[in-house]
Amino acid sequence: MKPQVICVPGSVAPAAQRYGPLIERVGDEAELHIKDLEVYREATPPAGYSIDEELTAIDRLADANGLDRFHLVGYSGGGFISLAYSGTRPQRLLSLSLFEPAQIPGKLTKEEEEFFAVLARRLEGLQGDAFMSTFIREQVKPGAVLPPPPAGPVPAEMQKRPAGIAALIKAFREFPFDRDSLRSGTFPVLYAYGDLSHQEQALKAGILAQLFADIRVRRYAGVHHFVPADQIYTADHAALLLDLWLSAERSASELSQK
């Protein structure tokens, strides 16, 4: 059976857009199940929305496809959710792959607190386009070239983004999580980030390297958090993921035979 992978996107681009290039590059080598965020399942964020809703929805998707164990891929906000999943349901994962998670669940370090405090201050009171442009600019290094907004009217799906992002940020803060729970994961982890993203991404890589026993970190030149998806999931990145998934499956098979 080919590797079975669940892919969770971030708070801006829908799953099909975020992971389309990866699906194309992987081809028939693995089966990717893309999962949009629950925060966007309605026109506005669900009342009382929480990260637990996202974790339960991943369980539902896995169960519906008969997946007892699977590989999990998370980008940005989906990276937070994937880390939360790996700490609460480690027995279900064969591997974890992250590209620039929005935040690590649990108690923040002083450096993390400083970054998110600045972000919160600069987003306070903003709405619509002003919110989105500030949210994007604050997560890349000065001088990084950002893609222009799409021409024409804003699609209805994208109109949900400012409120959804605000709901996610609130849910991140409220999610109870002990970072030490990540130490129980026996699966391999890949953490990738771009050299044009805010240095906070490198900080998070260092924090996770102290928590996961088996983690590899890849830094991509000329890439930041908001480049088009095909510049993130390149042939090289796809090959790296395939190697991770296949080696993790071999290791799991060998352990089961002992």
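Things to note:
- Pairwise inverse Cα distances across region 21-151, averaged and inverted, put the Kirkwood hydrodynamic radius at 17.2 Å.
- Annotation: region 88-235 has a Kirkwood hydrodynamic radius of 17.0 angstrom, from the mean reciprocal C-alpha pair distance.
- Heavy-atom accessible area ranking, 1.4 Å probe, most first, across 100, 53, 113: 113, 53, 100
- Restraint check, 141/170; 2/110; 107/141; 160/204, Cα-Cα greater than 32 Å: 2/110
- C-alpha center-to-center spacing [region 73-111, region 116-180] in angstrom: 18 Å
- Its Cα centre serving as origin, the chain has a Cβ charge dipole (Lys and Arg +1, Asp and Glu -1) of approximately 320 debye.
- Three-way shape label, region 1-93, alpha-carbon gyration tensor, a/c 1.5: oblate
- Dipole magnitude for region 212-258: about 160 debye, using +1 per Lys or Arg Cβ and -1 per Asp or Glu Cβ, origin at the Cα centre.
- Taking Lys and Arg as +1 and Asp and Glu as -1, the other residues whose beta-carbon sits under 10 Å from that of residue 239 total -2.
- Whole-percent carbon and sulfur share, accessible surface of the chain, 1.4 Å: 53 percent
- In this simple spin-label model, placing a label point 7 Å from the Cα along the Cα-to-Cβ direction at both residue 151 and residue 28 gives a separation of 3.9 nm.
- For region 109-158, the Cβ-based charge dipole about the Cα centre amounts to some 180 debye (Lys, Arg positive; Asp, Glu negative; other atoms uncharged).
- Cα gyration tensor, region 188-258 - rounded (a/c under 1.5), prolate or oblate: oblate
- Of the beta bridges in the chain, as assigned by DSSP with both residues counted there, near 5 percent are antiparallel.
- Rh (Kirkwood; distinct C-alpha pairs) - the chain, Å: 18.6 Å
- Accessible area per residue in Å² at 1.4 Å probe, computed on the chain: 47 Å²
- 222 nm mean residue ellipticity, helices alone, for the chain (DSSP H n ≥ 4; -39,500 (n - 2.57); rounded to 500): -14000 deg cm²/dmol
The values are calculated or read from the model by the stated rules, or taken from the named source; none is laboratory data. Model, not experiment: these values are computed from the prediction. Virtual Cβ from ideal backbone geometry, glycine too; neighbours counted across all protein chains shown. In case anyone asks, the SASA skips ligands and DNA or RNA and just uses the protein heavy atoms, side chains included. Shrake-Rupley method; radii C 1.70, N 1.55, O 1.52, S 1.80 Å.
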